[in-house]
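The values are calculated or read from the model by the stated rules, or taken from the named source; none is laboratory data. Predicted model, so just to flag it, every value in this text is computed and none were measured. Cβ atoms come from the backbone with ideal geometry, glycine included; neighbour counts cover every protein chain shown. We work out accessible area using only protein heavy atoms, side chains counted, and drop any ligands, DNA or RNA first. Shrake-Rupley method; radii C 1.70, N 1.55, O 1.52, S 1.80 Å.
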Amino acid sequence: MTKEMPVLLANAGKINPTSAAEYIAAGGYQGLQKARQMDRAALLQEVKASGLRGRGGAGFNAGMKWGFVPQAAPVKYVVCNLDEGEPGTYKDRIICQNNAHALLEGMAICGAAISSQQGYIYCRGEYPFVVDLLRKAIASAKESGALGSFDIEVRMGAGAYVCGEETALIESIEGHRGEPRFKPPFPGVEGLWKAPTVVNNVETFACLPYILVNGASWFAGIGAPKYPGTKIVTLTGDINNRTFFEVPTDITLREVIFDLGGGIPGGKKFKAVQVGGTSGAFIPEKDLDTPIDFDSMGTIGAALGSGAVLVLDETRDIVDVVARISKFFEHESCGKCNPCREGTFRCREIMEKINAGRGNENDIENLLLLSRVMQKAALCGLGQAAPSPIESTIKHFRPEYLQKMN
Amino acid sequence: MADYKEIIKACKDVPGGLIEAYHAIQKEYSYIPEEALLEAAKVFKVSAAQAYGVATFYSYLKVGKRGKNVIRICASAPCHIAGADKVVAALEKELGIKMGQTTADGKFTLEFTECVGQCQATPVITINSTPYGDVTGEKVAAILAEYK
């Protein structure tokens, strides 16, 4: 039994993603029309009632986020986070390459809800072809009149993972180093160029047209009740079907890996799966019957994050993989706060020491202590999440660490 | 080749246009010449230190010369376990340079990168941001031939 459920990707392969006319012929921009006819408060209520939660990783209720924007402010911005930098993740690219107008429509719906006339899409520097595609799609939408007076500009990042953090992203649009800001104030109150700003992920925005057309209760009824809707997952590593699927959020990890993913190649056994990108926890076999939704993943000490699913078979050296991951975080730490700057450096140093066979049990204790400090004291999500691959593998795969010690 | 002064001038009135200007310069030069960075500092009314600070923050921006074609090899976990190290070895052998270096004729530079979002086809390399997936040591020569 397959549990795929294409909603955001229902148009995939059927329409030209840049063409507003083809999107409209497939039923597009009706959600925006409906949103514009609604009273602002009713529109906010509809989005809240759908239960839509942020798809970038933090899982915050989208309608509630929009509700923080003070209405009296003369200028407000809608910003789309297309900086997907979590290794193993490419869902936002897939959405843009198949259904770009759903993103534009979703941003315009947000614009209607917070009375904003200007949107920005911050696209990662690795995707210049997506920047071109989006600019064509925006031109096509403007020409068709579908966006009305709502404007969208695309800005390109330049290879900084931390810019996926919303305040770092804002700094980058402003032309600065992409370092996160202290919060509060949150962007909803003081964001881009000090104006109230809503920052949402591509996948979050792309859900909105479908919520408006089909109704909040339709959306709230899909998948897990507390994190409803669909989620696009991207499967990598030791898996037969290295591809992406759109699934309801109550699907279990086991179903994702063994039904949709087709299991492990070469008749090998499963060892671990890392969900949510490189900042996610590693999950052992015993937890595979957990649904992928935000809260269920939390109960096993993991996170849905971006929806990346990295599978490792029994032959993989988990300490080596985590050592490589610790190098990633050392490289991507922006250096603004000490717990992350020094912490990611020390994590990498100790992980490489253990991986080279020069570690001892004291190093494990130091890693766990360092993890706790970073989780509590780092300024942004990067430093807070960076130790989770280390912590979770020590918890579930400690013998592999000990094997590398004398 | 377009003059960097013209490129910077064109971005002058774009809010937050400094990074846009850097992108436009790199598109033309494949890197940011030192003097272009100082010019950008003047036009955007920031100190040279700030202009450097922005340019050096981002992995995709490079101050100072590098090759015409920038080859990036993804080193993130999915590519790491798919054998990115073998691709690195093949590229280094084919070009006769080490990671981080530029060929003597100025045609190629080898850089590590983190995830480029093409994980359906690991290991991945990009050449001037065009992705190539499922790369093996054997495929490297044919891919490079397009750029020689």
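Could you grab me the full set of residues in the range A:44-70 that are over 30 Å from residue A:280 (Cβ atoms) and open to solvent by 70 Å² or more (accessible area, probe 1.4 Å)? Give the steps one after another, and end with the answer.
Keep residues of the range A:44-70 that are over 30 Å from residue A:280 (Cβ atoms), which gives A:44-46, A:69-70.
Selection gives A:45 alone.
Is it true that residue B:58 is in contact (Cβ under 8 Å) with a residue 24 or more places away in the chain, under 17 Å from the mean Cα position of the chain (by Cα) and within 14 Å of chain A (Cβ to nearest Cβ)?
Values: in contact (Cβ under 8 Å) with a residue 24 or more places away in the chain: yes; under 17 Å from the mean Cα position of the chain (by Cα): yes; within 14 Å of chain A (Cβ to nearest Cβ): yes.
Considered against the rule, which asks whether it is in contact (Cβ under 8 Å) with a residue 24 or more places away in the chain, under 17 Å from the mean Cα position of the chain (by Cα) and within 14 Å of chain A (Cβ to nearest Cβ), residue B:58 comes out as yes.
Might you check whether a residue that is assigned to a helix (DSSP H, G or I) and buried (at least 18 other Cβ atoms within 10 Å of the Cβ) occurs anywhere in the range B:61-77?
Going residue by residue through the range B:61-77, those that are assigned to a helix (DSSP H, G or I) are B:77.
After this cut, where a residue has to be buried (at least 18 other Cβ atoms within 10 Å of the Cβ) as well, the list is B:77.
Yes: the range B:61-77 contains one or more residues that are assigned to a helix (DSSP H, G or I) and buried (at least 18 other Cβ atoms within 10 Å of the Cβ).
Taking the conditions (1) at pLDDT below 95; (2) among the small types (Gly, Ala, Ser); (3) in contact with a Pro (Cβ under 8 Å, 6 or more places away or on another chain) in turn, residue A:51 satisfies each one other than (1). For the range A:170-189, a residue qualifies if it is away from every other protein chain (no Cβ under 14 Å) and open to solvent by 50 Å² or more (accessible area, probe 1.4 Å), and the qualifying residues are A:181, A:182, A:183, A:184, A:185, A:186, A:189. The residue of the range B:61-81 that is farthest from residue A:178 (Cα to Cα), among those that are aliphatic (A, V, I, L, M) and within 8 Å of chain A (Cβ to nearest Cβ), is B:81.
Scanning for something among the hydrophobic types (A, V, I, L, M, F, W, C), touching a strand residue (DSSP E or B) at 6+ places or on another chain (Cβ under 9 Å) and either touching a residue at least 12 places away in the same chain (Cβ under 8 Å) or open to solvent by 30 Å² or more (accessible area, probe 1.4 Å) (or both), does the range A:322-331 turn up at least one residue?
As a first pass, look at the range A:322-331 and keep what is among the hydrophobic types (A, V, I, L, M, F, W, C): A:322-323, A:325, A:328-329.
Now narrow it down to the ones that are touching a strand residue (DSSP E or B) at 6+ places or on another chain (Cβ under 9 Å): A:322, A:325.
In the following step, the residues that additionally are either touching a residue at least 12 places away in the same chain (Cβ under 8 Å) or open to solvent by 30 Å² or more (accessible area, probe 1.4 Å) (or both) were identified as A:322, A:325.
So far as the range A:322-331 goes, yes, one or more of its residues are among the hydrophobic types (A, V, I, L, M, F, W, C), touching a strand residue (DSSP E or B) at 6+ places or on another chain (Cβ under 9 Å) and either touching a residue at least 12 places away in the same chain (Cβ under 8 Å) or open to solvent by 30 Å² or more (accessible area, probe 1.4 Å) (or both).
Would you be able to tell me the number of residues in the range A:136-163 that are in a loop (DSSP other than H, G, I, E, B), within 14 Å of chain B (Cβ to nearest Cβ) and in contact with a strand residue (DSSP E or B) (Cβ under 8 Å, 6 or more places away or on another chain)? Break it down stepwise before answering.
Initially, the range A:136-163 is screened for residues in a loop (DSSP other than H, G, I, E, B), giving A:145-150, A:157-160.
This time we only want the ones that are within 14 Å of chain B (Cβ to nearest Cβ), so: A:157-160.
Checking which are in contact with a strand residue (DSSP E or B) (Cβ under 8 Å, 6 or more places away or on another chain) leaves us with A:157, A:159.
Final tally of qualifying residues: 2.
Would you confirm whether any residue within the range A:304-311 is in contact with a Leu (Cβ under 7 Å, 6 or more places away or on another chain), open to solvent by less than 10 Å² (accessible area, probe 1.4 Å) and either more than 14 Å from chain B (Cβ to nearest Cβ) or of a type in the set (S, T, N, Q) (or both)? Checked the range A:304-311: no residue is in contact with a Leu (Cβ under 7 Å, 6 or more places away or on another chain), open to solvent by less than 10 Å² (accessible area, probe 1.4 Å) and either more than 14 Å from chain B (Cβ to nearest Cβ) or of a type in the set (S, T, N, Q) (or both). Do the conditions hold for residue B:136, that is, is it open to solvent by less than 20 Å² (accessible area, probe 1.4 Å), at pLDDT 95 or above and not charged (D, E, K, R)? For residue B:136, the condition - open to solvent by less than 20 Å² (accessible area, probe 1.4 Å), at pLDDT 95 or above and not charged (D, E, K, R) - is not met.
Of all residues in the range A:84-111, those satisfying the criterion of being among the acidic types (Asp, Glu) and either in contact with a His (Cβ under 7 Å, 6 or more places away or on another chain) or open to solvent by less than 10 Å² (accessible area, probe 1.4 Å) (or both) are A:92, A:105.
Candidates are the residues of the range A:252-269 that are in contact with a Leu (Cβ under 8 Å, 6 or more places away or on another chain) and more than 20 Å from residue A:92 (Cβ to Cβ); the one that is nearest to the other protein chains (Cβ to nearest Cβ) is A:261.
So, residue B:7, is that one assigned to a helix (DSSP H, G or I) and modelled with pLDDT of 95 or more or not?
Working: assigned to a helix (DSSP H, G or I): yes; modelled with pLDDT of 95 or more: yes.
The answer is yes for residue B:7.
Scanning the range B:6-25 for residues that are open to solvent by 20 Å² or more (accessible area, probe 1.4 Å) and at the interface with chain A (Cβ under 9 Å from one of its Cβ atoms) yields B:14, B:15, B:20, B:23.
Each row is one residue, and each column tells you yes or no for (1) closer than 30 Å to residue A:263 by Cβ; (2) within 14 Å of chain B (Cβ to nearest Cβ); (3) outside any loop (DSSP other than H, G, I, E, B).
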{"residue": "A:315", "(1), (2), (3)": "yes, yes, no"}
{"residue": "A:343", "(1), (2), (3)": "no, no, yes"}
{"residue": "A:349", "(1), (2), (3)": "no, no, yes"}
{"residue": "A:371", "(1), (2), (3)": "no, no, yes"}
{"residue": "A:402", "(1), (2), (3)": "yes, no, yes"}
